[in-house]
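The values are calculated or read from the model by the stated rules, or taken from the named source; none is laboratory data. Quick caveat: nothing in here was measured; it's all calculated off a predicted structure. Cβ coordinates were reconstructed from backbone atoms using ideal geometry, including for glycine residues, and neighbour counts include every protein chain displayed. Just the protein is used for accessible areas: all its heavy atoms, side chains included, with ligands, DNA and RNA removed. Shrake-Rupley method; radii C 1.70, N 1.55, O 1.52, S 1.80 Å.
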Amino acid sequence: LVRDYRQVMLPNTAASLRERRSNQLKDFVSVATPLGVTHMMIFSTDRDGSFMRLAKLPSGPTLTFKVNGYTLIDDVRDSRKKRFSFPHSHFMVAPLLVLNGFSGAKFPTDLLQSVLKASFEQIDVRKFSAQSCQRVAMFNRNEDGSLSFRHFSISQQEAGLSRGVRKLLKPTSAVPLMGRSADVADFVNAGGYGSESEGESVTSLTGANQSVAMSVKLVEIGPRMELELVKIEEGLCAGVTIFSTGEPSGNAGKKVADVFATGDFHDDGDGDEDSGEPGEGADQDGEEGGSAEE
């Protein structure tokens, strides 16, 4: 789950960070400011269940969620009838954040909304381009106050075209086999037209006086998570508890097994972000304890 959530936060994450069992939370906090790390996410598991902490660096607040369920990227991929491949370019741009069901919310939901917004890269409206939108990270607030997290890839194509025409226009596709078609029109017509479920038609401006109807389709990448907010602490994984449901909130502990960053995280030039003294990285074997994502 930690590995999959690192993919969600790309490129603003320490994706190749090597952790050690001897690392403590303070080790990562001490280097957070020079590296531009703004938030830390800590995953932990104990007898009460699995938990995720979202902490604002350097001094809090810290939001603790109980992970009631999750589905990994590999499981989401295997559940689809049709296989999709997501190019590396999709993960070179930060995802768009969508918060659904948060409007008009009061404490603690308003604080939850602001912390979630700050943990993702902000959009510069002056430089924003719809063509650069490759992924969507969505938090949906359910009626009972729980959160559902989903991660999608965005596919855009011109609307109103038959499948045959789209195959011909697709730049990455191979030359189609037309040996069984007496004419190119037979191949185009045999492809049929896309159904309404294949995309939602929107209008995308392509020029000063031109507009083209585009079909936008969301394909789920994963992971999925079902989260329940159980506690808010004033400080960084410590301090006064300003909200609590009374349920167990887990124990991240001082030792951290897995860490990744949101923010501008710079490595040491060898492809692996290192933390602590030289040595072998920690094994991500799911043992009880804490795993943090910056």
Got a sec to turn the phi values of region 100-105 into Karplus ³J(HN,Hα) couplings, 6.51 cos²θ - 1.76 cosθ + 1.60 with θ = phi - 60°, whole Hz, x for Gly and Pro? 10, x, 9, 5, x, 6
With labels modelled as points extended 7 Å from the Cα through the Cβ direction, what inter-label distance (nm, one decimal) is found for ASP48 paired with ALA118? 2.4
So who's got an amide H within less than 5 Å of the one on PHE243, skipping anything under 5 residues away but keeping other chains? H placed 1.01 Å off N, in plane. ILE232
For ARG21 and ASP74, extending 7 Å from Cα along the Cα-Cβ vector and measuring point to point gives, in nm, a value of 2.3
For SER30, SER103, the accessible-area ranking with a 1.4 Å probe, largest leading, is SER103, SER30
Cβ under 13 Å from LYS231's Cβ, LYS231 left aside: what net charge do those residues give with Lys, Arg +1 and Asp, Glu -1? -3
Tell me the accessible surface of SER132 in square angstrom (1.4 angstrom probe, heavy atoms of protein chains only), to the nearest ten. 50
Please list, in chain and number order, the residues 5+ apart from LEU57 or on another chain whose amide H is under 5 Å from its amide H, with Hs placed from the backbone. HIS39, MET40
Using a 1.4 Å probe, how large is the accessible area of TYR70, given in Å² and rounded to the nearest 10? 120
Using 7 Å Cα-to-Cβ label points, what is the ARG126/PHE86 separation (nm, one decimal)? 3.1
Rank these by accessible area, largest first, 1.4 Å probe: GLU121, GLU19, GLU220, GLU143. GLU143, GLU121, GLU220, GLU19
Within the under-13-Å Cβ sphere about GLY104, not counting GLY104, Lys/Arg +1 and Asp/Glu -1 give a net charge of +1
Where the only charges are on Cβ atoms (+1 Lys, Arg; -1 Asp, Glu), what is the dipole of region 54-129 about its Cα centre, to the nearest 20 debye? 220
Could you give each residue of region 51-58 its phi-based ³J(HN,Hα) in whole Hz, using Karplus coefficients 6.51, -1.76, 1.60 with θ = phi - 60°, and x for Gly or Pro? 9, 10, 10, 10, 10, 8, 8, x
Lys and Arg at +1, Asp and Glu at -1: add these up for the other residues within a Cβ distance under 9 Å of VAL67 and post the number. -1
Taking amide H positions as placed in the peptide plane 1.01 Å from N, state which residues far from ILE221 in sequence (5 or more) or on other chains have amide H under 5 Å from it. HIS151, PHE152, SER153
